[in-house]
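None of the figures in this text is laboratory data; all of them are computed from the coordinates on show. Please read all numbers here as calculations on a predicted model, not as lab measurements. Every residue, glycine as well, gets a Cβ built from its backbone with ideal geometry; the counts of neighbours run over all protein chains shown.
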């Protein structure tokens, strides 16, 4: 018997499966064109003014990078111009630093007072590096030691999207649901506040937004049947100031007399209960795991809200408010001012959590205060941000799940042919579940007037299945297999003109782009790829000017800062992972196309291109 | 001895193992009647017998097609697939390869289901009927069987899970790494 057993194990020799076949791209004829489904309330009027953030939202660049979005306008524009298209070819690594964690690194390095701060993926270690000394030695390390069990509740790798320095504290979140403020001088915690309960599936991966003495934090767990929320904490003590839920009665959502939504569909009492089957709102998702933007100019807080749960939409008939949309709130009280739902009764996992970029932009013959949001559902939304009125909505990626946005009602026009169904595989739905673009933020240059959108070109097959709610386990109910979009290139960097509502140039990438972009006054856009190239392209033409191969794929947020020597530096984290890169940072077997919520079907070749890693790279010109 | 074929190494090693089994062994604590069964996950390299104890409850689930198919259904119903997909993993590790963090024997998989594991695996003991946990364990064990892998026809594996033969768990203790080029571990002075 033993001989038989040993022979069996010998013949079943271990094979490291590097990849499966990538499915064929969805044909071009299956998606709508921009002309077919793009809409605006008025024709472009570029002569009415120059598009730029206000100085209140984007003060003059001090050369630091104190928050992931660079400024409250979230432009990620660096006014530094030492690096230019003429000299970027000589850009070279200045120093690197191992993060010691080989999981997806999504954070932006932070630079304040000549110190750089980096937070890693779980276990969320914070490093402070002294930029005034050669090689940037460590000043301190802060290890928060989050609960290991939280790793089993993170839908899409154990990522962290960064921290913020404010008033001498580095403030960040941990996967197990804490917000922590660390004294930048001592490296010791000033306060730690526990917000999430992992036994209910609540984790935190987002970067907190800090403004006027308050820290804004939202939860993750839209795939775990959480009831999503956003909180405000006192910046000095960590004490809870208010909490607004994304579902449930108006009182819990902080909807009161100040609430003036623009569209009829969002007006009514307790829609956070009424737009769900009985009790379903209690486990209905709506996590705020992406970007929360503070607007000092209008004294408003914009909160992106994630997908409803479960993914099987037949278990939750109704509009499922207030998921897959955006709240404008009073920053002091949390009271909702307006709300807009990008994807009512979402059937495709189109979270509404992507970045909000605050600009003054010409529209209909006059300058308007707009919020630009580039949604998972495939549209660039330009929203008048006093009222929440959609001015225009145009597709920037492959779209056939909807046929445009009705600008009279504000409602997404769902394509019935691509609605998801129980027990039936609906094929070639575009965009895919992770969206035409996921969380990774765009940048905007006031010099070029263009948005630099790092995004995906992917579609999917979807079959819904019945799912039971079991606290602390996934609440999904869908078998998904992703595939490339038209053309076969899975990623794209698009330079988008929000005034003319059209792309100016685009760079095709083999893999979906999962890093953010940063644009500089030298007219260069920096971004990274999943296969580990850090690239510089001309902001006016998209021409590739420089590239450098790092140790692992890039899914983080590059930054540009002025060093102690007054020279311009570019910093980025490598470390493949996240939803798209989990097939590498795993453990995931590429033979299962349904793995990682169907992402592996379209990413099974990535292990041939990169391995797990995690390193800070800093670049500069020779000087 | 350098010309010895791999097959003869295997046979010799198997004979050595058999010899050990025949020898007088002190009963492991868990073998004593009336004690609740404890299964070791940590396997000690360098010993020529398995320290893994057996659980008589596992016996009924070998060569049991009904059990493995019930496990397949339960794997969806209890949201195991939410983390482990159809064996390829996601939030949790993949289960269809030959890497077993907490042991590959049915008893060990069952134990993992009952107790949970520290990096995110929930504990299901007393929450799910024990028979169902065994059915889940045998489905998980089946995912990486050559027969199950061979039956995969599209990009969704583990849809035709093969029953688990008892032989699959016969050698759960330390065994020599496979495909080594040189192996001196069985060279005993005076024997060869």
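Side notes on the structure shown:
- Chain A: relative contact order in percent, alpha carbon pairs under 8 Å with at least 6 residues between: 18 percent
- For A:150-160, mean number of other protein chain Cβ atoms within 10 Å: 3
- For the pair residue A:466 and residue A:508, label points projected 7 Å from Cα toward Cβ lie 4.5 nm apart.
- Cα-Cα P(r), region A:296-385, percent of pairs per 10 Å interval: 17, 43, 30, 9, 1
- Theoretical ellipticity at 222 nm over the protein assembly as shown - DSSP helices of four or more residues, -39500 (n - 2.57) apiece, nearest 500: -3500 deg cm²/dmol
- Shown for A:540, A:337: other C-beta atoms within 10 Å of each C-beta, ranked fewest to most, produce the order A:540, A:337.
- R0 of 51 Å, Cβ-Cβ distance residue A:133-residue A:544: FRET efficiency to nearest 0.05: 0.90
- Global size of region A:407-508 as Cα Rg and Dmax, reported in angstrom: 17.2, 52
- Taking 0.692 mPa s as the viscosity and 37 °C as the temperature, the Stokes-Einstein diffusion coefficient of region A:204-250 based on its alpha-carbon Kirkwood radius rounds to 287 µm²/s.
- Based on every Cα atom in region A:157-227, Rg and the maximum pairwise Cα distance Dmax equal 12.4, 40 Å.
- Gain in span if fully extended, residue A:239 to residue A:33, counting 0.36 nm per residue against the direct Cα distance: 69.2 nm
- Residue A:43-residue A:408 FRET efficiency (beta carbon distance; Förster radius 30 Å; 0.05 resolution): 0.95
- Ratio of Rg to Rh over region A:236-282 (Cα coordinates, Kirkwood Rh, two decimals): 1.07
- Separation between Cα centres of region A:430-446 and region A:47-75, rounded to whole Å: 20 Å
- Region A:143-261: C-alpha pair distances exceeding 22 Å, %: 35 percent
- Scaled radius of gyration (Cα, divided by 2.2 N^0.38 Å) that region A:366-452 gives: 1.24
- Pairwise centroid distance, computed over Cα atoms, of region B:102-116 with region A:326-356, Å: 43 Å
- Taken along its principal axes, the alpha carbon cloud of region A:12-153 reaches lengths of 58, 54, 38 Å, longest axis first.
- Among A:233, A:131, the ranking by other beta carbons within 10 Å of each residue's beta carbon, starting with the fewest, stands as A:131, A:233.
- Each Cα pair under 8 Å and six or more residues apart adds its separation to the average, and for region A:316-397 the resulting relative contact order is 20 percent.
- All Cα-Cα separations within region A:443-563 were binned at 5 Å from zero, giving a P(r) of 2, 10, 17, 19, 15, 11, 9, 7, 6, 3, 1, each value a whole percent of the pairs.
- Computed extension gain for residue B:178 through residue B:60, at 0.36 nm per residue and net of the alpha carbon distance, reaches 39.5 nm.
- Taking 0.890 mPa s as the viscosity and 25 °C as the temperature, the Stokes-Einstein diffusion coefficient of the protein assembly as shown based on its alpha-carbon Kirkwood radius rounds to 89 µm²/s.
- Footprinting exposure proxy ranking of A:469, A:350, fewest other C-beta atoms within 10 angstrom first, gives A:469, A:350.
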